[in-house]
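Each remark here refers to the structure printed beneath this line.
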Amino acid sequence: MAPTQSTPESRLQWLVDEAEIRRLVTEYAGLVDAREWDLLVEVFAGDVVVDYHNGRTVVHGARNTVDYIVENTAHLAWQHHFVSPYGIDVDGDTATAKAYLLSHQMLEADPTQVLMMAATYDLEIRREDRWRISRMVHTIQVATYLPVTTSPPSGAYTPPAVSH
C-alpha cells in the first residue's frame, strides 16, 4: 500500500522500505537454495516464530528455524525456490507481506522424481539493524512428485528451442 503522506521524503522512504523487504524475501529463498545456513540466520529476528506445513510444525528462534530447515532439506540433491512478494504494507518499523512460492526439489535418493510445491508465505517483518522476518506462516497449496524425463508427454508441443 502506498504511503498516505504525500511528502517526497515519505514516498522515498516507502520505496526504499518496499525494495529492502522484497530483497529480504528473495534473499531468504536464495540462501535456503544455496544452503548458506550462517547467512540465513541473519534474515530472521532472533525471536522469530515460523509455522511450517499448514500448522503441523511451529519453530521458535532464528537458529532453531535454520536447524529445522537444514534437517528437512538434507535429503535433497538440490532445490529451487521461486518467490514473488506481494502486498507489502509498511507501518513504521514493522511490515507485513505475502509471498507466493513455486519450489522444485530433487530427492538425493531418487533423481528420477522432482517434488513440485506451490505455497504461500505470510510474513511479519520488523526493522532492527535491518529488516528481518519476525513471523512466517508457510502454507502448502499443492505438492506433487513429477517424473524427470527428456521426452514430452504424448501430443505435447515442444518448441524447437528446447527440442533435442
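The values are calculated or read from the model by the stated rules, or taken from the named source; none is laboratory data. As the structure is a computational prediction, the values presented were derived from the model and not from experiment. Note that each Cβ is placed from the backbone with ideal geometry, even for glycine, and that neighbours are counted across all protein chains shown.
Tabulated results
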{"read-out": "Odd one out for residue 74, checked against (1) loosely packed, with under 13 Cβ neighbours inside 10 Å; (2) touching a residue at least 12 places away in the same chain (Cβ under 8 Å); (3) of a type outside the set (S, T, N, Q)", "value": "(2)"}
{"read-out": "Segment 89-129, subset modelled with pLDDT of 95 or more, of a type in the set (Ser, Thr, Tyr) and exposed (fewer than 15 other Cβ atoms within 10 Å of the Cβ), residue farthest from residue 72 (Cα to Cα)", "value": "94"}
{"read-out": "Residue under evaluation residue 109, criteria (1) of a type in the set (A, V, I, L, M); (2) touching a strand residue (DSSP E or B) at 6+ places or on another chain (Cβ under 7 Å); (3) over 25 Å from residue 20 (Cα atoms), criterion not met", "value": "(2)"}
{"read-out": "Residue, nearest to the chain's Cα centre (by Cα), within segment 37-62, restricted to residues that are among the acidic types (Asp, Glu) and loosely packed, with under 14 Cβ neighbours inside 10 Å", "value": "38"}
{"read-out": "Within segment 55-95, tally of residues that are assigned to a strand (DSSP E or B) and of a type in the set (Asp, Glu)", "value": "2"}
{"read-out": "Segment 72-96: number of residues that are within 23 Å of residue 131 (Cβ to Cβ) and either of a type in the set (Asp, Glu) or in contact with a helix residue (DSSP H, G or I) (Cβ under 6 Å, 6 or more places away or on another chain) (or both)", "value": "9"}
{"read-out": "Residue check for residue 155: exposed (fewer than 14 other Cβ atoms within 10 Å of the Cβ) and not in a strand (DSSP E or B)", "value": "yes"}
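For every residue, the table says whether it meets (1) within 30 Å of residue 16 (Cα to Cα); (2) without any contact (Cβ under 8 Å) to a residue 24 or more places away in the chain; (3) out of contact with any Cys (no Cβ under 7 Å at 6 or more places or on another chain).
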| residue | (1), (2), (3) |
| --- | --- |
| 61 | yes, yes, yes |
| 80 | yes, no, yes |
| 99 | yes, no, yes |
| 103 | yes, no, yes |
| 117 | no, no, yes |
| 123 | yes, no, yes |
| 152 | no, yes, yes |
| 157 | no, yes, yes |
